[in-house]
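Bear in mind that the values in this text are calculations on the coordinates, not laboratory data. Just so it is clear, the structure is predicted and the values come from calculations on it, not from any experiment. Methodologically, a virtual Cβ is constructed for each residue, glycine included, from the backbone with ideal geometry; neighbour enumeration extends over all protein chains shown.
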Amino acid sequence: RKEVEQDPGPFNVPEGATVAFNCTYSNSASQSFFWYRQDCRKEPKLLMSVYSSGNEDGRFTAQLNRASQYISLLIRDSKLSDSATYLCAISGGNKLVFGAGTILRVKS
Amino acid sequence: SQTIHQWPATLVQPVGSPLSLECTVEGTSNPNLYWYRQAAGRGLQLLFYSVGIGQISSEVPQNLSASRPQDRQFILSSKKLLLSDSGFYLCAWRTGGNSPLHFGNGTRLTVT
């Protein structure tokens, strides 16, 4: 089983739609969790950290479910500019392991 | 504020040639430093990380090596490149603990 798994997609959604991604992890001792956004041929950029109580940043909501060992990212009112690959990252100790990413395509 | 510099942005090298990629971080002290590789259409593979000068942890056995000669400098090297070394190489840093990673702009390496 991979340490971190994501549905590769692509998720094709119309503008204004709500879309959600999950990311499962295998190491129950994982300590910190993040979502990154990666545009084509660019470096990943931090979208948001994921806190135990869940957190929201504008149209984006991140949640952590330790019991089931997954994190989620919810995007509301999707914009064309949200089209990208979304990577989850799970940290335990000094290592940060990334999922392979979920492709989101928002269409007009 | 902290910044990370990585160069070159693109590189085309023949098989068997050496490689040296450099990364430097400014605006912080004693960062944790990382090298990742992303093959075309694939996820990020952790290659090396360092928690201090001269301390290198290798995640994947291969013909690459890393060094940290100074606190904020991280170098990725190879003596002889293979075709399979082609990919997008990303340097990253974080302050340690549970903080997020911050990436450089990356180096796109093509081995021909």
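At-a-glance table
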item: Qualifying position, being small (Gly, Ala, Ser), over 21 Å from A:Cys88 (Cβ atoms) and touching a helix residue (DSSP H, G or I) at 6+ places or on another chain (Cβ under 9 Å), among B:Ser78, B:Ser57, B:Ser29, B:Ser65; result: B:Ser78
item: Residue within region A:25-37 that is in contact (Cβ under 8 Å) with a residue 12 or more places away in the chain and farther than 30 Å from B:Gly52 by Cα present; result: no
item: Count - residues of region B:78-108 that are over 13 Å from B:Val25 (Cβ atoms), in contact (Cβ under 8 Å) with a residue 60 or more places away in the chain, more than 7 Å from every other protein chain (Cβ to nearest Cβ) and in a strand (DSSP E or B); result: 4
item: Enumeration of residues in region A:14-29 that are assigned to a loop (DSSP other than H, G, I, E, B) and touching a strand residue (DSSP E or B) at 6+ places or on another chain (Cβ under 8 Å); result: A:Glu15, A:Ala17, A:Thr18, A:Ser26, A:Asn27, A:Ala29
item: Hits in region B:31-60 - residues which are surrounded by 13 or more Cβ atoms within 10 Å (Cβ to Cβ), more than 8 Å from chain A (Cβ to nearest Cβ) and aliphatic (A, V, I, L, M); result: B:Leu33, B:Ala39, B:Leu47, B:Ile53, B:Ile56
item: In region A:31-68, the residues that are at the interface with chain B (Cβ under 10 Å from one of its Cβ atoms) and among the polar types (S, T, N, Q); result: A:Gln31, A:Ser32, A:Gln38, A:Ser49
